[in-house]
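Asks: A single structure is presented below for examination.
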Amino acid sequence: MPVYAFKCKNCEYKFEKEMTISQKEEAEIISCPECKSDNIFQIFDRVGFVGGSQTSSCSGSCPADKSCCN
Ligand SMILES: [Zn+2]
């Protein structure tokens, strides 16, 4: 079962949830376990890249153009 990582924009708390793809699609609103805010976003560090040799300091929370990753 894939593990998805999320970060709360409200309190910066990072957490992970283990769920199937269909569960994720159904979970329209995931709330922060710390502050109960639903103002969260998914982060992609490590998750989904098992076996990859590339390392990056990019947390996935940078702008869409990844300018912070260079
Ligand atoms: Zn929070």
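Asks: Which of the numbered conditions does ALA5 fail, given that it passes all the others? Conditions: (1) more than 10 Å from the chain's Cα centre (by Cα); (2) modelled with pLDDT of 90 or more.
Replies: (1)
Asks: For the range 12-30, how many residues meet the condition of being exposed (fewer than 14 other Cβ atoms within 10 Å of the Cβ) and either within 8 Å of the ligand (Cβ to nearest atom) or of a type in the set (S, T, N, Q) (or both)?
Replies: 4
The values are calculated or read from the model by the stated rules, or taken from the named source; none is laboratory data. In this text, all values refer to a predicted model and were calculated from it rather than measured experimentally. Glycine also receives a Cβ, built like all others from the backbone with ideal geometry; neighbour counts cover every protein chain displayed.
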